[in-house]
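Here's the structure, in structure tokens; my notes come after.
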């Protein structure tokens, strides 16, 4: 996903479908904490529409919230007006009978420092010192969390599987 | 018992009873408003220097790690002064992130304000 950084902008939401019937969501916005609530709710809504329970959809929202907070605080070091692009795609996998499992794939692209938070050594956690909670949440609540450094930033991919077979 | 003015909609009620401060927080707390919450409560805590801080989170359906960081900062400050922080009326999503961060055992969690004030 080595691509030119898009122009910073306020929140732009686009819904779509994949050729095989899956649903997609794309959010483009500028780095600013004011976008955090709307972005979280958009991902929660998307996950719920895809068939996840409200509880799991909330977990997805919190994970995206924490990932975005890391981008704002660390990748962009608090600078406003920098581009962020989030995509979400839900695809079902065919299986026997009426049930079908599926997976939600969320990517978060920034054009910031490119520092890989997963590559930093993890010191013994002191609960009374701030930091690290966001990454713990993401790893605990999502099935897969992968940071892929880019020449000009970072691409984070998070996957949540839906084993319950709920079909939208 | 005296009422205090936090100056923030996120803290609609703040009152002092002796060396105890009781705050009610309201709303979804995340990175966009946690700095406001931090300023509002720290100002009152620094002025009152309480030994006990009771945080009623009945009207907080959601909190991210930046909100948790505010709670931890309050806890650290109170502990340095030999005080305690009580969290009451935790909603499921707030309880969940506290458990994930393994902070649910660091704070004193009670069902409601009365239980906290009786300790």
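The values are calculated or read from the model by the stated rules, or taken from the named source; none is laboratory data. If you're wondering where the values come from, they're calculated on a predicted model, not measured in any experiment. Note that we place each Cβ from the backbone using ideal geometry, even for glycine, and neighbour counts take in every protein chain shown.
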Can you report the number of residues in region B:30-48 which are touching a strand residue (DSSP E or B) at 6+ places or on another chain (Cβ under 9 Å) and more than 10 Å from chain A (Cβ to nearest Cβ)?
7
From (1) under 17 Å from residue A:141 (Cα atoms); (2) more than 8 Å from every other protein chain (Cβ to nearest Cβ), pick out the condition that doesn't hold for residue A:74.
(1)
Any residue at all in region A:75-86 that's modelled with pLDDT of 95 or more and in a helix (DSSP H, G or I)?
yes
Reported set for region A:156-168 where residues are crowded, with 17+ Cβ neighbours inside 10 Å and at pLDDT 95 or above is A:156, A:157, A:158, A:160
Output the residues belonging to region A:11-40 that are under 24 Å from residue A:77 (Cα atoms), touching a helix residue (DSSP H, G or I) at 6+ places or on another chain (Cβ under 8 Å) and surrounded by fewer than 19 Cβ atoms within 10 Å (Cβ to Cβ).
A:11
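Would you call residue A:42 away from chain B (no Cβ under 12 Å), touching a strand residue (DSSP E or B) at 6+ places or on another chain (Cβ under 9 Å), under 21 Å from residue B:94 (Cα atoms) and assigned to a helix (DSSP H, G or I)? Lay out the reasoning, then the answer.
Values: away from chain B (no Cβ under 12 Å): yes; touching a strand residue (DSSP E or B) at 6+ places or on another chain (Cβ under 9 Å): yes; under 21 Å from residue B:94 (Cα atoms): yes; assigned to a helix (DSSP H, G or I): yes.
Taking the combined requirement at face value, the residue satisfies it.
Mind counting the residues in region A:45-69 that are within 9 Å of chain B (Cβ to nearest Cβ) and out of contact with any strand residue (DSSP E or B) (no Cβ under 8 Å at 6 or more places or on another chain)?
First, pick out the residues of region A:45-69 that are within 9 Å of chain B (Cβ to nearest Cβ): A:55, A:58-59, A:61-62, A:65-66, A:68-69.
Next, only the ones that are out of contact with any strand residue (DSSP E or B) (no Cβ under 8 Å at 6 or more places or on another chain) stay: A:55, A:58, A:61-62, A:65-66, A:69.
The number of residues fulfilling the criteria is 7.
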Return a yes/no flag: does region A:58-70 have any residue that is touching a residue at least 12 places away in the same chain (Cβ under 8 Å), surrounded by 14 or more Cβ atoms within 10 Å (Cβ to Cβ) and part of a strand (DSSP E or B).
no
Does at least one position in region A:110-126 carry a residue that is surrounded by 16 or more Cβ atoms within 10 Å (Cβ to Cβ), part of a strand (DSSP E or B) and at pLDDT 95 or above?
yes
If we keep just the residues of region A:127-144 that are buried (at least 18 other Cβ atoms within 10 Å of the Cβ) and within 15 Å of the chain's Cα centre (by Cα), which is farthest from the other protein chains (Cβ to nearest Cβ)?
A:142
Hey, does region B:91-107 have a residue that's touching a strand residue (DSSP E or B) at 6+ places or on another chain (Cβ under 8 Å) and within 8 Å of chain A (Cβ to nearest Cβ)?
yes
